[in-house]
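Participant: Could you have a look at this structure, given as structure tokens, before my questions?
The values are calculated or read from the model by the stated rules, or taken from the named source; none is laboratory data. Since the structure is predicted, the reported quantities are computational estimates derived from the model, not experimental observations. Please note: Cβ atoms are built from the backbone with ideal geometry, for glycine as well, and neighbour counts cover all protein chains shown. Each accessible area value is taken on the protein alone, full model and side chains, heavy atoms only, with ligands, DNA and RNA left out. Shrake-Rupley method; radii C 1.70, N 1.55, O 1.52, S 1.80 Å.
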Amino acid sequence: EVLKWIILGSLLLLLDCWVLGRLCSDRWWWSQWLWWIPPLYIVFISLICTLACLVLKGWLRVVLCGYSAVVFAWSGLVLLDQYGWPQTPTSGEGITAMHWNVIWPNRQRSPRYARFIDEQLPDTDLVLVSNPGLLFYNGRAEQWKQQGYEAVRLGAFGIVTRIPLTEARSLFVADGIHLAMIRLEPPASPPMVIYLVDLPSDPSLPRMKIAR
């Protein structure tokens, strides 16, 4: 009986940490560690807690089951948001852009990631990739160019676009920070300037401090 409560209490405490991280975000050093708890783990843990609490009785069953069920639904929505919703067909107006942080793919992963980008290109005007690794090498950038796109590797970023690209340059690279800009000239719209920012991945620094 005691062991059952210790296990259930530990799982509920982990749910509490995740909820606190969601509420506080990565604004502070301590909260960003809670923010980084993978939602996939929380989906399974909250489901286990919900089922385990069904054996309880009285108000404790209602409260803990309800809490675990809410966390299950919440973490599921966060997981969907992180891994992508089904693409919604566009009206054909405006510009469709996609950003993807691929986290430095190697020679083995690059072809699979490139195929995913190929699948998005028919319905996407602009693809921005951060930390592209080898994604733009091994002839892949040339293949995109042969298909009518402009493909540019710019330090920590990669750009694939069907919109005419008139300028692409790095503005600042230091202390793990990379700032770049691109200028696009859509045929039926005024010129666009997009700034690309890659911040340090030092987990000991609060995200908000790095941004400032």
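Participant: Among 31, 10, which is the only one that is small (Gly, Ala, Ser), out of contact with any helix residue (DSSP H, G or I) (no Cβ under 6 Å at 6 or more places or on another chain) and assigned to a helix (DSSP H, G or I)?
Facilitator: 10
Participant: Would you tally the residues in region 57-72 being closer than 12 Å to residue 19 by Cβ and among the small types (Gly, Ala, Ser)?
Facilitator: Of the residues in that region, 1 qualify.
Participant: Would you be able to tell me the number of residues in region 135-151 that are open to solvent by 40 Å² or more (accessible area, probe 1.4 Å) and either under 19 Å from residue 179 (Cβ atoms) or modelled with pLDDT of 90 or more (or both)?
Facilitator: Qualifying residue count for the region: 7.
Participant: Under 8 Å between Cβ atoms, which residue pairs at least 6 apart in sequence (or on different chains) link something in region 48-69 that is over 15 Å from residue 14 (Cα atoms) with a partner that is among the small types (Gly, Ala, Ser)?
Facilitator: As it stands, the answer is 53/68, since those pairs meet every condition given.
Participant: Which count do you get for residues in region 84-103 that are within 23 Å of residue 197 (Cβ to Cβ) and modelled with pLDDT under 75?
Facilitator: Adding up the residues that qualify gives 1.
Participant: When residue 74 is evaluated against the numbered criteria (1) under 30 Å from residue 203 (Cα atoms); (2) surrounded by 14 or more Cβ atoms within 10 Å (Cβ to Cβ); (3) touching a Leu at 6+ places or on another chain (Cβ under 7 Å); (4) not small (Gly, Ala, Ser), which criterion, by number, is the only one it fails?
Facilitator: (3)
Participant: Residue 163: in contact (Cβ under 8 Å) with a residue 60 or more places away in the chain and either open to solvent by 40 Å² or more (accessible area, probe 1.4 Å) or more than 18 Å from residue 178 (Cβ to Cβ) (or both), yes or no?
Facilitator: Criteria met by residue 163.
Participant: Determine whether residue 12 is more than 30 Å from residue 211 (Cβ to Cβ) and open to solvent by less than 30 Å² (accessible area, probe 1.4 Å).
Facilitator: So residue 12 passes the test.
Participant: Let me ask you something else. List pairs: first in region 110-136 and in contact (Cβ under 8 Å) with a residue 12 or more places away in the chain, second basic (Lys, Arg) and open to solvent by less than 50 Å² (accessible area, probe 1.4 Å), Cβ under 7 Å, 6+ apart or cross-chain?
Facilitator: Pairs that qualify, where the first residue is in contact (Cβ under 8 Å) with a residue 12 or more places away in the chain and the partner is basic (Lys, Arg) and open to solvent by less than 50 Å² (accessible area, probe 1.4 Å), are 114/140.
Participant: While we're here: Which ones in region 156-212 are of a type in the set (D, E, K, R) and under 22 Å from residue 136 (Cα atoms)?
Facilitator: 162, 167, 169, 183, 198, listed by residue number.
Participant: To continue, here is another question. Filter region 113-127 for residues that are closer than 20 Å to residue 192 by Cα and not aliphatic (A, V, I, L, M); which is surrounded by the fewest Cβ atoms within 10 Å (Cβ to Cβ)?
Facilitator: That would be 123.
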